[in-house]
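*Asks:* The structure follows.
The values are calculated or read from the model by the stated rules, or taken from the named source; none is laboratory data. None of the values given here were measured: they were computed from a predicted structure. When we count neighbours, we look across all protein chains shown, and the Cβ atoms used for this are built from the backbone with ideal geometry, even at glycine. Quick note on the areas: whole protein, heavy atoms, side chains included, nothing else; ligands and nucleic acids left out. Shrake-Rupley method; radii C 1.70, N 1.55, O 1.52, S 1.80 Å.
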Amino acid sequence: MKPTLDEHIQRDPRILKVYLEARRRYSEFKFKHHNFGHVMRDLHRALLIAADEGSVDYNILIPSVLLHDIGFCTPDFKKLGHDVAGARLAVEILNDLDYSDDECAAVGHCIHAHKGKAELPRTIEAQILYDADVLEKAGLVFLIWGGNVISEFNESIHHFLQREIADRRAEVARGLFTRKARELDGGRLEKVRAMFQKIRKEITEERPDYEITEDDLWQSAPP
Ligand SMILES: [Fe+2]
Ligand SMILES: [Fe+2]
C-alpha cells in the first residue's frame, strides 16, 4: 500500500502548514528538477523506508523531507551550498510554525546532512532523508532527468558529468544507511555512475564531434 500523509497530519496538524508553505515556495521558482514533484518522490521513499525501520519521529522526518531542497529558493545557495542555506531557511520557517528549538535543531541537522557533505547524517530521520534523496539518482531514468538538472543550473555537460560522477562515487563508497533503501537501490547507483563515466569517455575520447561549436566552423571569428 502507498504511504499517505493523512494520518500524520491528523496527529500533528503543523505538518499540513509546512506542506503548504513548502509547496508555495518551490512553485515560485519553477525548477525543472528540484521542485515539489522531486520532494513528493523523496517523501514517498522516505515513508517507505521509515515503515521498515524501528522508531522514527515523523514530526521531524516529514518536515525535513518537505523542506530539504528549500535552499535552492535562497540567493545564498551558490555561495553556501543548498544544504547549508536550506537548513538555515528551514529553521526560520519552522520557528514561525510553532516548532520548538529542539525540533528545529533536529530538522536543521537532517537538511544540513542530506548531501553527506556539510556533515554526515547522525539520526535515523537524517539517514532516511539522505537515502530517500540518493535513491532519486539510483536509476537509469536519471540519465534522462539529468538533462533537467543541466538546464536548471545552466551547466556545461562536462561540469555536470564531473560533478555527478564524483557525487555518485562518494555515495557508493559511503553506502546507504537503511535496509529498505539498499533493497530499492539494488546496485543501480553504481550502474548510473558507470554510465556517466562511459558518456564522458565517449565525448572526450571517441566522439569529439559532440564538442563542436560555431567557432570551430570558422578560421577566425564567426561572421
Ligand atoms: Fe538537495
Ligand atoms: Fe533533493
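*Asks:* Given a 1.4 Å probe and heavy atoms of the protein chains only, how would you sort Arg45, Arg188, largest accessible area at the top?
*Replies:* On the way: Arg45 35, Arg188 110 Å².
Final ranking, largest accessible area leading: Arg188, Arg45.
*Asks:* Using the Karplus curve 6.51 cos²θ - 1.76 cosθ + 1.60 with θ = phi - 60°, what ³J(HN,Hα) values do you get for each residue of the range 87-101, in whole Hz, with x for Gly and Pro?
*Replies:* For the range 87-101, the Karplus-derived couplings read 4, 5, 5, 4, 4, 4, 5, 5, 4, 6, 10, 6, 8, 6, 4 Hz, x marking Gly and Pro.
*Asks:* Given points 7 Å out from each Cα along the Cα-Cβ axis, report the Glu206 to Glu53 separation in nanometres with one decimal.
*Replies:* The two pseudo-label positions are separated by 4.1 nm.
*Asks:* If you fit an axis through the alpha-carbon atoms of helix 188-201 and take the longest principal axis of the Cα set of the chain, what angle between them do you get, 0 to 90°, nearest 10?
*Replies:* 20
*Asks:* What angle, in degrees between 0 and 90 and rounded to the nearest 10, separates the Cα long axis of helix 36-51 from the longest principal axis of the Cα atoms of the chain?
*Replies:* For helix 36-51, the angle is close to 50 degrees.
*Asks:* Roughly speaking, to the nearest percent, how much of the range 1-62's 1.4 Å accessible area is carbon and sulfur?
*Replies:* Answer for the range 1-62: carbon and sulfur cover 53 percent of the accessible area.
*Asks:* Related question: For the range 26-43, list residues with backbone N below 13 Å from a point placed 7 Å from the Cα of Lys2 toward its Cβ?
*Replies:* The answer is 40-43.
*Asks:* What angle do you read, to the nearest 10 degrees and between 0 and 90, between the alpha-carbon axis of helix 142-153 and the longest principal axis of the chain?
*Replies:* That helix lies at roughly 90 degrees to the long axis.
*Asks:* Follow-up. Give me the lysines in straight-line cross-link reach of Lys201: C-alpha distance below 24 Å, same-chain residues under 8 apart excluded.
*Replies:* Cross-link targets: Lys137, Lys191.
*Asks:* Something else: How much accessible area does Lys201 have with a 1.4 Å probe, in Å² rounded to the nearest 10?
*Replies:* Estimated to the nearest 10 Å², Lys201 gives 100 Å².
*Asks:* Let me ask you something else. Please report, in whole Å, how far the alpha carbons of the range 172-223 spread along each principal axis, starting with the longest.
*Replies:* Sorted largest first, the three principal extents are 59, 20, 16 Å.
*Asks:* Sticking with this one: Assuming R0 = 41 Å, can you tell me the calculated FRET efficiency for the pair Arg41 and Ser220, based on Cβ-Cβ distance, to the nearest 0.05?
*Replies:* FRET efficiency, Arg41 to Ser220: 0.25.
*Asks:* Modelled label-to-label distance, Ala105 and Lys78, 7 Å Cα→beta-carbon offset: nm?
*Replies:* It works out to 3.5 nm between the two label points.
*Asks:* In nanometres, what is the gap between the two model label sites at Arg24 and Glu92, each 7 Å from Cα along Cα-to-Cβ?
*Replies:* Taking the two extended label points, one gets 1.5 nm.
*Asks:* Placing unit charges on C-beta atoms (Lys and Arg positive, Asp and Glu negative, everything else neutral), compute the dipole magnitude of the chain about its Cα centre in debye, rounded to 20.
*Replies:* Charge dipole of the chain: 400 debye, to the nearest 20.
*Asks:* Now for a separate question. Cross-link partners among lysines for Lys2, C-alpha distance below 18 Å, same-chain residues fewer than 8 apart left out?
*Replies:* Straight-distance partners of Lys2: Lys180.
*Asks:* For a Förster distance of 25 Å, can you work out the FRET efficiency between the beta-carbons of Ala170 and Ile9, rounded to the nearest 0.05? Before the final figure, lay out the partial values.
*Replies:* Working: r = 35 Å, r/R0 = 1.42.
E between Ala170 and Ile9, to the nearest 0.05, is 0.10.
*Asks:* Here's something else I'd like to know. What whole-number value in cubic angstrom gives the convex hull volume per residue for the C-alpha atoms of the range 76-221?
*Replies:* Cα convex hull per residue, to the nearest whole number: 140 Å³.
*Asks:* Follow-up question, since we're still on this one. Could you do me a favour and compute the accessible area per residue for the chain, 1.4 Å probe, result in Å²?
*Replies:* Per residue, the chain has 53 Å² of solvent-accessible surface.
*Asks:* Using the alpha-carbon centroid of each, what span in Å lies between the range 2-37 and the range 99-143?
*Replies:* So the separation of the two Cα centres works out to 16 Å.
*Asks:* Scan around Thr74 for amide H atoms under 5 Å from its own, H built in the peptide plane at 1.01 Å from N, and keep only partners 5 or more places away or cross-chain.
*Replies:* Here the answer is none, since no amide H 5 or more places off falls under 5 Å of that of Thr74.
*Asks:* Now, a different point. Mean residue ellipticity at 222 nm from the helices of the chain, using -39,500 (n - 2.57) per DSSP H segment of n ≥ 4 over the full residue count, to the nearest 500 deg cm²/dmol?
*Replies:* Here the helix-only value at 222 nm equals -19500 deg cm²/dmol.
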